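One structure is given below, encoded as structure tokens.
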Amino acid sequence: MRETAERIWATIIRARAETELRESEIQRVREQSAREQERQRAETLAELRSRQNSLLQQRQPRISYSVNIIAGSPARCLERSHSSPRPPSTGTTGTGAAKHE
């Protein structure tokens with residue numbers, strides 16, 4: 001009877017050890033999979049950043065040109081208004097002040 005109990009106990013201990021081993025293997029595979037997914041995400045992100053930088057470098061001259069046109073427009077308008085002759089004054093400026101020359 002005692003021998004049977006010892007065999008059963010040894011079988012239980014062996015089954016527990018095998019279960020723990022399987023669980024640790026499953027955990028290791030999960031962690032490895034998570035690391036692989038993170039590596040793939042990092043590679044994808046790096047590739048997207050590289051593409052974004054490349055696109056921005058390609059578009060930079062156009063963007064700069066457009067910004068310069070937009071930013072320079074008020075200044076050019078002012079230059080044109082100062083260099084072009086003004087129409088003659090009608091005597092009123094809209095503020096109630098009369099022309100005193």
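Where a number appears in this text, it was derived from the coordinates with a stated rule and is not lab data. All figures in this text were calculated on a predicted structure; none of them were measured in a lab. Virtual Cβ from ideal backbone geometry, glycine too; neighbours counted across all protein chains shown.
Here are the numbers:
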| read-out | value |
| --- | --- |
| Formal net charge of residues neighbouring Arg41 (Cβ-Cβ distance under 15 Å; K, R +1; D, E -1) | -1 |
| Lys, Arg +1 and Asp, Glu -1 on Cβ, resulting dipole of region 7-60 about Cα centre, debye, nearest 20 | 60 |
| Label-point separation in nm, Arg2 to Ser64, each point 7 Å along Cα→Cβ | 9.3 |
